[in-house]
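These notes concern the structure reproduced below.
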Amino acid sequence: MRTVRTILIICLFFCATPLLAADELLDAGRAATIDYMLERAVSQGFIGGGVVLVGNRSGVTYTASRGKIGFSADATALNERTIFDIASLTKVVATAPAVMKLLEEGRITLLDPLTRWFPEFEGTCREDVTILNLLTHTSGLNDIAISSIEPLTTTIHKVAIQKNGRLPGSRFLYADINFILLSELVQRVSGMSLDRYCRENLYGPLGMADTMFLPPYELAGSIAPTLGSANEMLTGIVQDQNARQLGGIAGHAGLFSSASDLSRYAQMILNNGRVHGTQVLGDRVLAQMTAPYFYSNGSVVRGLGWDIYSPYSSPRGSFFSEMSFGHTGYSGSSIWIDPERDLFVILLTVRFNYRDPRQINRLRSDISSIAASVFSHYRERIDVPGTM
């Protein structure tokens with residue numbers, strides 16, 4: 001299987017010159033590779049369908065989709081406007097930009113100790129944790145199961161008294177609790193819930209009408225199903241159990257969106273925070289958000305919310321630049337953005353196989369590698385290992 005993947009990618013490179021000279025052949029190459037990857041993933045049964053969207057700062061350059069929203073013969077086909085539960089993409093499409101917006105407004109600083117906004121942490125061994133630590137998953141905090149009784153209050157109390165000996169700021173430990181706290185930070189600083197703050201400050205200006213927490217029942221026909229823990233198919237209900245306990249609006253999961261909307265968000269980032277003449281995020285905080293922070297003795301590189309290089313970086317593929325960044329979602333979603341190559345790749349799937357994460361990670365990696373080879377503005381600089 002690995003040999004087949006390598007041959008496909010190498011063939012793209014050897015065909016680079018004629019593809020660039022003939023638009024029809026270029027289009028055929030795009031369809032024959034990315035479409036094939038989606039088709040094979042569906043036929044192998046580890047996804048029920050999916051949508052791929054590739055673009056740059058000017059707009060969308062390619063889309064592909066396979067599968068249907070439902071399972072009946074007349075079910076609507078998946079497309080770039082289909083709404084998906086994007087799981088942990090919530091961290092970088094809602095929570096992290098909301099925090100950066102508060103930073104831009106001068107209402108917080110990255111080095112604010114947690115106790116400034118969470119007095120619940122005073123007198124504990126967690127007083128040195130900062131907002132920066134939460135954004136980079138270096139707080140040393142561990143995830144816990146969230147109770148249905150006063151879920152947020154109980155969670156903050158339990159986390160504040162955790163004793164595991166990890167000092168903040170040195171070791172990377174991916175944990176949803178960091179972004180659960182950041183969501184509450186947005187509420188305490190702005191006086192607005194995370195969903196309202198994002199709707200007014202991000203999604204409204206960006207025209208992201210498909211992006212929301214708690215989608216209404218009337219949109220059920222436009223929402224892709226998600227496989228729940230008891231093998232039931234969920235439609236419009238967040239898959240993550242802790243997010244459900246928190247009422248469906250949480251900093252780590254709960255957001256629903258479409259590939260089309262996510263492309264608007266990615267274009268905003270590639271255009272230095274601007275869209276339609278409006279500065280949604282300042283270029284300074286955007287640069288801070290996507291700058292590299294090195295942890296775990298340099299073996300992990302993170303942005304503020306964003307992944308750059310870590311065990312979770314499969315959507316980076318083989319040919320994105322070192323300046324690229326992105327994130328994955330447990331439900332089968334991912335986004336990867338490369339300002340240097342002026343490229344982004346979005347993948348949203350109806351994921352069935354959760355036992356073997358290698359399958360979805362391989363799909364993410366392969367699609368990103370092919371997209372970077374074909375659509376990157378700098379693809380002529382990409383060298384195939386072992387060739388001249």
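Taking amide H atoms as placed 1.01 Å from N in the peptide plane, list the residues 5 or more away in sequence, or in a different chain, whose amide H sits under 5 Å from that of residue 83.
Amide H to amide H, under 5 Å and 5 or more residues apart or across chains, residue 83 pairs with 223, 224.
Just need log10 I(q)/I(0) for the chain at q = 0.11, 0.12, 0.14 Å⁻¹, Debye formula, equal scatterers on the alpha-carbon atoms, no solvent, rounded to two decimals.
These q points yield log10 I(q)/I(0) values of -0.76, -0.91, -1.23.
With a ≥ b ≥ c the root eigenvalues of the C-alpha gyration tensor of the range 89-194, is it rounded (a/c under 1.5), prolate (a/b larger than b/c) or oblate?
It is rounded, given that a/c, with a ≥ b ≥ c, falls under 1.5.
Given a Förster radius of 35 Å and the C-beta distance between residue 157 and residue 112 as r, what FRET efficiency does 1/(1 + (r/R0)^6) yield to the nearest 0.05? Let's see the in-between values first.
Working: r = 21 Å, r/R0 = 0.59.
So the FRET efficiency works out to roughly 0.95.
Taking the Cα atoms only, what angle lies between the long axis of helix 259-270 and the longest principal axis of the chain, rounded to 10 degrees?
Long axis of 259-270 versus the principal axis of the chain: about 80 degrees.
Just reorder 356, 338 by solvent-accessible area, largest first, 1.4 Å probe, all chains present.
356, 338
How far, in nm, would the chain grow between residue 353 and residue 230 when pulled straight, counting 0.36 nm per residue and subtracting the alpha carbon separation?
Here the segment from residue 353 to residue 230 would lengthen by 43.0 nm.
Using Cα pairs under 8 angstrom and six or more residues apart, how large is the relative contact order of the range 39-171, in percent?
It rounds to 14 percent for the range 39-171.
Using θ = phi - 60° and the Karplus form 6.51 cos²θ - 1.76 cosθ + 1.60, what ³J(HN,Hα) does each residue of the range 68-75 get, whole Hz, x for Gly and Pro?
Computed from phi, the couplings for the range 68-75 are 10, 5, x, 10, 8, 5, 9, 5 Hz.
Apply 1/(1 + (r/R0)^6) to the Cβ-Cβ distance of residue 296 and residue 322, taking R0 = 25 Å, and write down the FRET efficiency to the nearest 0.05.
The value I calculate is 0.90.
Note down the relative contact order for the range 232-388 as a percent, whole number, built from C-alpha pairs under 8 angstrom at least six residues apart.
15
Compute the helix-to-body angle for 151-160: its Cα long axis versus the longest principal axis of the chain, expressed 0 to 90° and rounded to tens.
The angle comes out near 80 degrees.
Tilt of helix 2-14 relative to the longest C-alpha principal axis of the chain, in degrees (0 to 90, nearest 10)?
Result, in degrees: 70.
Quick check: from the Cα gyration tensor, does the range 255-340 come out rounded (a/c under 1.5), prolate or oblate? Show your work: numbers first, answer last.
Values: a/c = 1.97, a/b = 1.30, b/c = 1.52.
It comes out oblate by the Cα gyration axes.
Using a 1.4 Å probe and counting only protein heavy atoms, arrange 366, 283 so the residue with the most accessible area comes first. Provide the component values of the computation, followed by the final result.
Numbers: 366 0, 283 100 Å².
Sorted descending by solvent-accessible area, the residues read 283, 366.
In whole percent, what relative contact order does the chain give with Cα contacts below 8 Å and a gap of six or more residues?
Taking the mean separation of contacting Cα pairs over the length of the chain, I get 23 percent.
Calculated FRET efficiency, residue 284 and residue 40, Cβ-Cβ r, R0 45 Å, to nearest 0.05?
Efficiency at R0 = 45 Å is approximately 0.55.
Using only DSSP helix segments of four residues or longer, with each worth -39500 (n - 2.57), what per-residue ellipticity at 222 nm results for the chain after dividing by its residue count and rounding to 500?
Details: 13 runs with 131 residues, N = 388.
Estimated from H runs of four or more residues: -10000 deg cm²/dmol.
Using the heavy atoms of the protein chains and a 1.4 angstrom probe, tell me the accessible area per residue for the chain in square angstrom.
Dividing the accessible area of the chain by its residue count gives 42 Å².
The values are calculated or read from the model by the stated rules, or taken from the named source; none is laboratory data. Please read all numbers here as calculations on a predicted model, not as lab measurements. Cβ sites come from the backbone with ideal geometry, for glycine too, and all protein chains shown count toward neighbours. Just the protein is used for accessible areas: all its heavy atoms, side chains included, with ligands, DNA and RNA removed. Shrake-Rupley method; radii C 1.70, N 1.55, O 1.52, S 1.80 Å.
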